[in-house]
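Visitor: Below is a structure I'd like to ask you about.
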Amino acid sequence: MKKQEIFDSYKNNIMPTYTKTPLIFIKGKGSRLWDIDHKEYLDFFPGWGVGNLGHCYPKVMQAVRDQVSKLIFIPNNFFHIPQAKLAAEIVFRTFPAKVFFCNSGAEANEAAIKFSRKFGASTPLSADGESSRTIGKGRFEVITFENSFHGRTLATLAATGQKKYQSGFDPLPEGFKTVKFNDINAVKNAISDKTVAVMLELIQGEGGVNLADKDFVLELRKLCDEKNMLLIIDEVQTGIGRTGKLFCYQDYGITPDIVTLAKALGGGLPIGMMIAKKEIADTLGPGMHASTFGGGLVICKAALGVLRGIQKEKLLQNASKISEYIFQKLNELKNKYPVIKEIRGMGLMIGVELNQEGKSIVEKCMEKGLLINCTHDTVLRLMPALNTSKKEVNKAVGILEEVLRGN
Ligand SMILES: Cc1ncc(COP(=O)(O)O)c(C=O)c1O
């Protein structure tokens, strides 16, 4: 297909749900991508958080090749080895838990919401920390936060604390209350006898790379324990080494009741996962929830390749080292260019807040061969792969500086 035929096919045959950038990529390796004209790009936002190991990570490619040559699909009413291995690996690396497999972040969060409702249907809220004094069963309300993002299904949209994603889709499912981020009193005030869970991103990605305060998270954990509410941590974007730990909650020193994962876990293939503490995991029994493709052979093999790669190549250590370096480099830029208001983030989840809109900067970086993102109009978002080198950081920051200089 010629370039114009590709663009025409999109225009004529595919619903216009994405703001498209007119680039057609045909090859990728590590942090590099090549387009149809063989122009090379440095990808500092690989796959919107999917590419934690960069493009075409060898262990993932090998795992996929190996599996497709043996067996591609087997439904979930049978057993298979890659699913058993991946579940055991995840439980080993998190906390005593059981997992549910699905295909995306929204589905993982949807599963967490269903799980919470089932849990709330049979367990009461504790009042004032006294487990003996209870105020009602049949709980279903989930507290979420302003500027959060939890997905595009109707329930996860209702959980998302950003009106712009919700408008036009009323009526959304009831049972969600959105409160101010990092405000423990706002959470306390929102609790009713119907509240069953709190859903939180420790770093809001789509919402502008906003970090949860450590004190807030610790208080929230305590509050959830006191009130017998589930603490759901959405690690769809922060998980799988993004922040320098395998899971961001490990940076906060808490154990969640539920963790949701997707994006980077599959190394580029679609996967979603809900992890729930062992003592509550059997809340969902046979027939209550399912996914035809969830936890398929190929994707589980790929995810095992991701986890092995992170461990064998010490990529968490590399991410922390590169994080320090890139923050230093970006802060040097901040000192030179007043257009940069703030640099924030954790590990390799980085936001560069500007005093102006970031769209034109992203476009100019792209012209010069650097791919980054802009969220919330003014926040440049960089999420380089965990195996990024210092040389690649120098190149990326160099391009960004050229653009800022000419701005
Ligand atoms: C924190 C968070 N949760 C959920 C989702 C939804 O994931 P998916 O697009 O895989 O449904 C996203 C997507 O960006 C996300 O960043």
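The values are calculated or read from the model by the stated rules, or taken from the named source; none is laboratory data. Here the structure is a predicted model, which means the values were calculated and not measured. Using ideal geometry, Cβ is built from the backbone for each residue, glycine included, and neighbour counts are taken over all protein chains shown.
Visitor: Going through region 233-264 one residue at a time, which ones are at positive phi and out of contact with any helix residue (DSSP H, G or I) (no Cβ under 6 Å at 6 or more places or on another chain)?
Guide: Answer for region 233-264, where residues must be at positive phi and out of contact with any helix residue (DSSP H, G or I) (no Cβ under 6 Å at 6 or more places or on another chain): just G253.
Visitor: Right, something else. Which residues, counting only those in region 159-171, are more than 17 Å from the chain's Cα centre (by Cα) and buried (at least 22 other Cβ atoms within 10 Å of the Cβ)?
Guide: Answer for region 159-171, where residues must be more than 17 Å from the chain's Cα centre (by Cα) and buried (at least 22 other Cβ atoms within 10 Å of the Cβ): there is none.
Visitor: Of these, I310, I322, which one is hydrophobic (A, V, I, L, M, F, W, C), more than 19 Å from the chain's Cα centre (by Cα) and assigned to a helix (DSSP H, G or I)?
Guide: The match here is I322.
Visitor: Can you tell me which residue within region 137-157, out of those that are surrounded by fewer than 21 Cβ atoms within 10 Å (Cβ to Cβ) and of a type in the set (A, V, I, L, M), is nearest to A197 (Cα to Cα)?
Guide: L157
Conditions tested, residue by residue: (1) charged (D, E, K, R); (2) crowded, with 20+ Cβ neighbours inside 10 Å.
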position	(1), (2)
G244	no, yes
D257	yes, yes
A264	no, yes
G268	no, yes
E279	yes, no
G285	no, no
H289	no, no
K301	yes, yes
E313	yes, no
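Visitor: Does region 158-174 hold any residues that are closer than 20 Å to A190 by Cβ and either more than 10 Å from the ligand (Cβ to nearest atom) or among the polar types (S, T, N, Q) (or both), and which are they?
Guide: A158, T160, G161, Q162, K163, Q166, L172, P173, E174
Visitor: Sticking with this structure for a sec: Take the residues in region 172-196 that are free of Cβ contacts under 8 Å to residues at least 60 places away in the same chain and of a type in the set (A, V, I, L, M, F, W, C), then tell me which one is surrounded by the most Cβ atoms within 10 Å (Cβ to Cβ).
Guide: Among those residues, the one meeting the criterion is V187.
Visitor: To continue, here is another question. Considering only region 220-254, state which residues are outside any strand (DSSP E or B), within 18 Å of I184 (Cα to Cα) and either within 11 Å of the ligand (Cβ to nearest atom) or in contact (Cβ under 8 Å) with a residue 12 or more places away in the chain (or both). Write out each step before concluding.
Guide: Going through region 220-254, the residues outside any strand (DSSP E or B) turn out to be 220-229, 235-254.
Filter once more, keeping what is within 18 Å of I184 (Cα to Cα): 220-229, 249, 252-254.
L220, R221, L223, C224, E226, K227, N228, M229, Y249, Y252, G253, I254, listed by residue number.
Visitor: Can you name the residue in region 39-96 that is among the aromatic types (F, W, Y) and closer than 30 Å to T19 by Cα and, of all such residues, is surrounded by the fewest Cβ atoms within 10 Å (Cβ to Cβ)? Explain how you work it out, then say what you get.
Guide: Looking only at region 39-96, we keep the residues that are among the aromatic types (F, W, Y), and these are 41, 44-45, 48, 57, 73, 78-79, 92, 95.
Still in the list and also closer than 30 Å to T19 by Cα: 41, 44-45, 48, 57.
Numbers: Y41: 19, F44: 28, F45: 19, W48: 13, Y57: 25.
The qualifying residue surrounded by the fewest Cβ atoms within 10 Å (Cβ to Cβ) is W48.
Visitor: Would you confirm whether any residue within region 137-149 is at pLDDT below 90 and either on the phi < 0 side of the Ramachandran plot or of a type in the set (V, I, T) (or both)?
Guide: So far as region 137-149 goes, yes, one or more of its residues are at pLDDT below 90 and either on the phi < 0 side of the Ramachandran plot or of a type in the set (V, I, T) (or both).
Visitor: Right, something else. Is it true that F95 is over 27 Å from A290 (Cα atoms) and in contact with a Pro (Cβ under 9 Å, 6 or more places away or on another chain)?
Guide: no
The rows are residues; the columns are (1) within 18 Å of G296 (Cα to Cα); (2) more than 16 Å from the ligand (Cβ to nearest atom); (3) not assigned by TED's automatic domain parsing to the domain that holds I143.
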{"position": "G49", "(1), (2), (3)": "no, no, yes"}
{"position": "N52", "(1), (2), (3)": "no, no, yes"}
{"position": "V68", "(1), (2), (3)": "yes, yes, no"}
{"position": "P75", "(1), (2), (3)": "yes, yes, no"}
{"position": "I81", "(1), (2), (3)": "yes, yes, no"}
{"position": "E89", "(1), (2), (3)": "yes, yes, no"}
{"position": "V99", "(1), (2), (3)": "yes, yes, no"}
{"position": "I113", "(1), (2), (3)": "no, no, no"}
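Visitor: Additional query: Say whether the condition of being within 19 Å of R344 (Cα to Cα), in contact with a Lys or Arg (Cβ under 8 Å, 6 or more places away or on another chain), assigned to a loop (DSSP other than H, G, I, E, B) and of a type outside the set (S, T, N, Q) is met by at least one residue in region 206-219.
Guide: Yes, the conditions are met somewhere in region 206-219.
Visitor: Here's another thing I want to ask about it. Tell me, yes or no, whether region 376-393 has at least one residue that is of a type outside the set (D, E), more than 26 Å from the chain's Cα centre (by Cα) and on the phi < 0 side of the Ramachandran plot.
Guide: Within region 376-393 (the criterion being of a type outside the set (D, E), more than 26 Å from the chain's Cα centre (by Cα) and on the phi < 0 side of the Ramachandran plot), the answer is yes, since at least one residue qualifies.
Visitor: Does any residue of region 273-288 turn out to be assigned to a helix (DSSP H, G or I), assigned by TED's automatic domain parsing to the domain that holds V379 and modelled with pLDDT of 95 or more?
Guide: No - not one qualifying residue is present in region 273-288.
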